[in-house]
């Protein structure tokens, strides 16, 4: 996992010492004999990724000749007693050309305050950074970077990454880190196949069959109310998982959708669009919520939990309960595959289709597109382009 190769000048290494990770600094910037920074972090893949981002940022500072201003902070991140550093302790390191990954780290830091924390940590620091780390690193090889993306990823992924790299290059050029944006207009050269964006909602009969199957299941019956709530509100799964009793008015007249929960990062964040919305509670939804609220419920208690009282993990629920999966020698039989086998469903559809079903049914009932958009936290344009056409069950006689 950890790097053990000889480091070139200006490169920060990651090593394992006693099953703990440590950073190895270039001799030219180490403070006295303290070439290693002990992090006290266990040797795990997650901790290694965290340190890799930090190492890249340190290399950016070294390349830019700013390490003298920032190195004390790097030492002190992992020390209980802060280390006092003066400029006389450091040896100047000449600036060198920044590489692609180093530039991406700086761009991520710039974008940090503008992104949802889940997008920043999960996508920018992990998913995109991992793709970028596998590419040629010299910024003068932009064509080779593009060709590598096209050859090793899907057209959609290649276009997305080149769009991000172009934005990164544009920012870097304006910030004076590079002279010109090497990725300008590259994404436009990649043509994607047209997508129909077809929505495939459940029918009312299929929805009822799913709820009945949950209710009858000896283990998964605990999640019946959770699934029914998704069908009755059309909210995003993370919004339902994050819901607390304080978000439901005392008279059960409305729900305030203000937060979402990321199961992968185990944190609460704002809704996908960052907009807080009020959702009116109808009779069916009121009956559901009043029936499941404990008499001793605290405002911060979750409305929907696992049988052991923990936040529902979206990925585990989907894989182990909704669709089923095999993990090692253990097989999880999902609810939907059995319904499909029994002929109760026309096809398998993911959990998010509960939202699609709610939106489509509202449109079928004649609720206007702006009203639907406000209820579910989408724009009228998205409702019109993705859902409106699916609301017609049959062509009327004319």
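FYI, it's all coordinate maths here, none of it is from the lab. Since the model is a prediction, treat every value here as computed from it, not as a measurement. Every residue, glycine as well, gets a Cβ built from its backbone with ideal geometry; the counts of neighbours run over all protein chains shown.
Numbers below:
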read-out: Matching residues in region 326-352 - criterion: being closer than 20 Å to residue 236 by Cα, touching a residue at least 60 places away in the same chain (Cβ under 8 Å) and either surrounded by fewer than 20 Cβ atoms within 10 Å (Cβ to Cβ) or more than 27 Å from the chain's Cα centre (by Cα) (or both); value: 351, 352
read-out: Within region 174-227, tally of residues that are part of a loop (DSSP other than H, G, I, E, B), over 26 Å from the mean Cα position of the chain (by Cα) and under 30 Å from residue 137 (Cα atoms); value: 10
